[in-house]
Amino acid sequence: MKTILMMLLIVVSNAAGDVFISSGMKQIGEVSTLNPRALLRIALRVLTCRDFILGIGCLSVSFFSFLVVLAWADMSFVVPATALVYVVSILGARVFLKEHVSALRWAGTLLVCLGVALICRD
Amino acid sequence: MKTLTVIFLFVLAEVIGNTCLSGGMKQVASAGFADGTLSLGLILHALATPLIWVGILLLLAYFALFAAALSWADLSFVLPASAFKYILNVAFAGWFLGEPISTGRWAGTVLICVGVLLVVKTAGEKSGAGEPEITGSVGEGGRS
């Protein structure tokens, strides 16, 4: 039960973090230089971007929950189970955003659920 | 090509990083934290384990590469193209951590990979967290 709750925490904070980071990096623009001074300037811009910082916060929560779960469960269970992030984001899109979800997407979601059920049994 | 190379590199960094973290946490667990207790001591003990820091550094490298890739490629391409990472993670857990991987666990992992590919491949249909458009040939990386 505790493992399931922690997996949910990992998954939800990870999904939120990905969205924030993606949105933040889109604001920063393409990183196409290897010049150290230019990279430093980009790094400063990144570290003052609100969405990016929110993303880092979410991913930190996700990371520490992940670390804790690894102390009591196998990596070959924990890592594949984090794929539940896709199920959570689709359910979120369907329930909260009332988005249309295609049959193919439901099929993919079902496969992820079946896969997680399989790795849970072993 | 640039995108696929970066995806391969960040997947490798993530998988090796996860393996280090898991190896480190197994050490922590064997030091008396294996019973599922959630305490500050567990985190502090973890942060005093060198292998955890190697894992954290690798995950930071993963994160930097992932963020860089997202600056020019869409999340809806990067995510499916890196779907093969689940298989690699399980393989590394078996090879380097000696975790017994049953046929059921392998089958589950493959199902998850295919499911993730299907879910993110259809991201153009206005659902999910990623950007609505898909650039490049989705799934190319998933078979590597």
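The values are calculated or read from the model by the stated rules, or taken from the named source; none is laboratory data. These numbers were taken from a predicted model, which means no experiment stands behind them. Here the Cβ positions follow ideal geometry from the backbone for every residue, glycine too, while neighbour counts run over all protein chains shown. To get the accessible areas, we keep the full protein, side chains included, count just its heavy atoms, and leave off ligands, DNA and RNA. Shrake-Rupley method; radii C 1.70, N 1.55, O 1.52, S 1.80 Å.
Tabulated results
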quantity	calculated
Any hit, segment A:100-108, residues being open to solvent by 30 Å² or more (accessible area, probe 1.4 Å) and outside any helix (DSSP H, G or I)	yes
Matching residues in segment B:38-58 - criterion: being within 14 Å of the chain's Cα centre (by Cα) and more than 13 Å from B:L9 (Cβ to Cβ)	B:G55, B:I56
Test result for B:A46, in a helix (DSSP H, G or I) and in contact (Cβ under 8 Å) with a residue 24 or more places away in the chain	no
Elements of type helices (runs of 4 or more DSSP H) in segment B:60-129, at least 2 residues being crowded, with 21+ Cβ neighbours inside 10 Å and free of Cβ contacts under 8 Å to residues at least 24 places away in the same chain	B:103-121
Members of segment B:109-121 found to be more than 16 Å from the chain's Cα centre (by Cα) and either under 13 Å from A:F77 (Cα atoms) or of a type in the set (D, E, K, R) (or both), listed by number	B:K121
B:G41, sole failed condition from (1) open to solvent by 40 Å² or more (accessible area, probe 1.4 Å); (2) part of a helix (DSSP H, G or I); (3) modelled with pLDDT under 90	(1)
Selection count where residues are under 23 Å from A:L9 (Cβ atoms) and either of a type outside the set (S, T, N, Q) or over 18 Å from the mean Cα position of the chain (by Cα) (or both), scope segment A:87-107	10
Set A:L47, A:L54: member being more than 27 Å from B:C113 (Cα to Cα), open to solvent by 40 Å² or more (accessible area, probe 1.4 Å) and at pLDDT below 90	A:L47
